[in-house]
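Read through the structure below, which is laid out as structure tokens, and then see the notes.
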């Protein structure tokens, strides 16, 4: 189980870095009716549920945007 926790921590670190890079480039998802300003990681991953075969993790993000007129 220890290796799995390390793997998960590495995944969240890489995902956070990817989000940071997307934010720096202004590469946001296209969402009708809004103009994204920035995206940030609010919390860097937490295990929410686990059983013998799988686990559910959560990473919280904040998308700041302006509504289009």
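Since every read-out is calculated from the coordinates, none of them should be taken as a lab result. All values reported here derive from a predicted model rather than from experimental measurement.
A compact table of results
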| read-out | value |
| --- | --- |
| Helix 2-25 axis, angle to the chain major axis (alpha carbon atoms, nearest 10°) | 10 degrees |
| Percentage relative contact order, the chain, counting C-alpha pairs under 8 Å, at least six apart | 30 percent |
| Debye equation applied to the C-alpha atoms of the chain, log10 I(q)/I(0) at 0.15, 0.18, 0.23 Å⁻¹ | -0.60, -0.76, -0.99 |
| Computed helical MRE - 222 nm, the chain, DSSP H runs ≥ 4 contributing -39500 (n - 2.57), nearest 500 | -12500 deg cm²/dmol |
